[in-house]
Amino acid sequence: MVPIARVFTFGLLSWPLLGQGGFQGPGRYEITNLKSGKVLDLDRNDQTSVIQFSSRGTDNQTWDIRPAPDGFVYLRNGMNGNALDSGGGQKNEPVRGTPFNGGETQQWRIEPGKDGNALIRSRLGRTLDVPDGTNRDGARIQVYDLNGDSNQRFLFRRVAGRNWDWDRDANRDRDRNRDRGATITCSSNHGERVYCDADTRDRDVRMVRQISGSPCRQGETWGWDQRGIWVDRGCRAEFAVKRR
């Protein structure tokens, strides 16, 4: 197993992983898979599918990397600012580019791989992976169990480009949360049913935002009872609880 003890930190602290796979701290990067030689690309057609493609030097093949809590990072696409999102984190689940929300599914850790290359590991545990190491243009990128093979190792090349206004987005999300009242995030990280503490007595619960790739359907993959709000089969979402 590849060791994962070394992580980088921010601010005035040291960065043990500086130089890992060419990573040099916050900035904009082109990210290339070692096995396929193709770069991470946000499909221009639907602007959500994360694929691999031959390098063309376009904005949709660049990723703005900034710090997240606990030594993780966010990766936002240079074309539209969508964040790399692991969805439910299921094995073989394709990753997506989704509007930035700062949630756990959008948090990644850059870890040391073999031969000085880098792994990109989701906060939910699985690792960014090119399926079977294919070199086909347009192949969807997924998350998979960590094995450290070359189809899970990446190289970073720093590029120029406009960075996204992170403070503006954080303020916008704060305003949205204030307008819709207190929300509860509940996550079925590995497909199991999970209960989240919530006072549901004489209250109505509604889903205000799905943050998983797996579907959230009331009565099927989410609901509530006397124990609180429950989610199942990979559903991850924010819920609002209001008095009737």
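Some notes on this structure:
- Proximal aspartates and glutamates relative to K242, as straight alpha-carbon distance under 15 Å, when same-chain residues fewer than 8 apart are discounted: D179, D197, D199, D202, D204, D225
- Sequence-separation-based contact order of the stretch 181-243, relative, with Cα cut under 8 Å and 6+ spacing, percent: 51
- Cα-derived Rg over Rh, computed across the stretch 32-136 with Rh taken as Kirkwood radius: 0.93
- Beta bridge orientation in the stretch 181-243: antiparallel %, DSSP, nearest 5: 95
- Each Lys or Arg adds one and each Asp or Glu subtracts one; over the other residues with Cβ under 9 Å from the Cβ of E220, this totals +1.
- Exposure proxy for V130, V194: other Cβ atoms within 10 Å of each Cβ, ordered fewest to most, give V194, V130.
- FRET efficiency, 1/(1 + (r/R0)^6) with R0 51 Å, evaluated for S150 and D199 via beta carbons: 0.55
- In this simple spin-label model, placing a label point 7 Å from the Cα along the Cα-to-Cβ direction at both Q47 and D70 gives a separation of 3.2 nm.
- Taking every Cα-Cα distance in the stretch 181-243 and sorting them into 5 Å bins from zero, the calculated P(r) comes out as 4, 22, 34, 26, 10, 3, 0 percent.
- Label separation (S54 vs V159): 1.6 nm, computed from points 7 Å beyond Cα along the C-beta direction.
- In terms of surrounding Cβ atoms within a 10 Å radius of their Cβ, I184, I51, I120 rank from fewest to most as I184, I51, I120.
The numbers here are math on the coordinates, done by the rules we state, and not lab data. Everything numeric in this text was worked out from a predicted model, so none of it was measured. Neighbour counts are summed over all protein chains in view; Cβ atoms, including those assigned to glycine, are modelled from backbone coordinates with ideal geometry.
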